[in-house]
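Comments concern the structure below.
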Amino acid sequence: MLSIDAVDKHARWLMDLAQRLCGAFNNAGINYRMVGGMAVYVHVDMVDPLAARLTPGVDFAIERSDVSRIVEAVLPFGLQHRHALGLDVLAGPVAGTIRTVSRLVFVREKVRPGYLEPVPDFSEPTVTEAGLLLAPVLDLIRMKLTSNRIIDKVHIVDMDGVGLITPEIENALSEPLRRRLQQVRAEERQSAGAE
């Protein structure tokens, strides 16, 4: 059974990991944006902490040319760069085993060849109180709708549920991504029994 202590411990571990990695990137002069589930978590947490959903790791959008500098920057934390399932990841010791703690995606490149859109270029970040650079909501929505896995749809529902997906953000999406957003909303209404 999952205890509140375990959830709190994981949340603290994630935030510590995010702060250490962002600090290392900043110290090395590496431009980044936190993306993925942790970025969604922080955005949602800023609006409604009870609606924020934890994630297993901390992911980043970076320039491909910065990979070698990132490898050096994370060595003091016992993390190593690897390729796993076609992705660049950082892996290290967690609870007695080596596991992926961060995925790296590259701005202006598609994560998978069949994706509709590439990872957005760096835009003005959302800066947290701790100084972490988050991808803005629009960029996260684009990435989540492009990937369109079940977890990405859950993240869309989370952001939509706290009002982060505004009409301006929706209108800024490409037509294929707007259709996907409408599909996610329809699936959520159906699962909630509203249709």
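Side notes on the structure shown:
- A count restricted to the range 113-122 and to residues that are free of Cβ contacts under 8 Å to residues at least 60 places away in the same chain and either surrounded by 12 or more Cβ atoms within 10 Å (Cβ to Cβ) or touching a strand residue (DSSP E or B) at 6+ places or on another chain (Cβ under 9 Å) (or both) stands at 4.
- Condition check for residue 107 on (1) in contact with a Pro (Cβ under 6 Å, 6 or more places away or on another chain); (2) hydrophobic (A, V, I, L, M, F, W, C); (3) closer than 16 Å to residue 134 by Cα: one failure, at (1).
- Qualifying residue in the range 72-82 (condition: modelled with pLDDT of 90 or more and closer than 25 Å to residue 153 by Cα): no
- Residue in the range 166-184 that is within 14 Å of residue 119 (Cα to Cα) and surrounded by 15 or more Cβ atoms within 10 Å (Cβ to Cβ) present: yes
- Breaking point among (1) touching a helix residue (DSSP H, G or I) at 6+ places or on another chain (Cβ under 8 Å); (2) under 16 Å from residue 58 (Cα atoms), for residue 123: (2)
- Residues that are outside any strand (DSSP E or B) and touching a Lys or Arg at 6+ places or on another chain (Cβ under 6 Å) were ranked within the range 123-147; the one that is surrounded by the most Cβ atoms within 10 Å (Cβ to Cβ) is 135.
- Near pairs, Cβ below 9 angstrom, 6+ apart or cross-chain, from the range 6-32 (under 15 Å from residue 90 (Cα atoms)) to any residue that is surrounded by 14 or more Cβ atoms within 10 Å (Cβ to Cβ) and acidic (Asp, Glu): 25/66; 32/63; 32/66
- Among the residues of the range 33-52, those identified as outside any helix (DSSP H, G or I) and surrounded by fewer than 24 Cβ atoms within 10 Å (Cβ to Cβ) are 48, 52.
- Odd one out for residue 110, checked against (1) of a type in the set (D, E, K, R); (2) in contact (Cβ under 8 Å) with a residue 60 or more places away in the chain; (3) within 24 Å of residue 90 (Cα to Cα): (2)
- Scan of the range 161-177 for residues that are in a helix (DSSP H, G or I) and within 16 Å of residue 147 (Cβ to Cβ), ordered by number: 176, 177
- A single entry from 82, 103 fulfils the requirement of being in a strand (DSSP E or B), in contact with a strand residue (DSSP E or B) (Cβ under 8 Å, 6 or more places away or on another chain) and exposed (fewer than 14 other Cβ atoms within 10 Å of the Cβ): 82.
- Restricting attention to the range 53-68, the residues that are buried (at least 16 other Cβ atoms within 10 Å of the Cβ) and not in a loop (DSSP other than H, G, I, E, B) total 5.
- Boolean, residue 132 is hydrophobic (A, V, I, L, M, F, W, C), under 30 Å from residue 192 (Cβ atoms) and within 18 Å of the chain's Cα centre (by Cα): no
The values are calculated or read from the model by the stated rules, or taken from the named source; none is laboratory data. Please read these numbers as outputs of a predicted model, since none were measured by experiment. Neighbour counts are summed over all protein chains in view; Cβ atoms, including those assigned to glycine, are modelled from backbone coordinates with ideal geometry.
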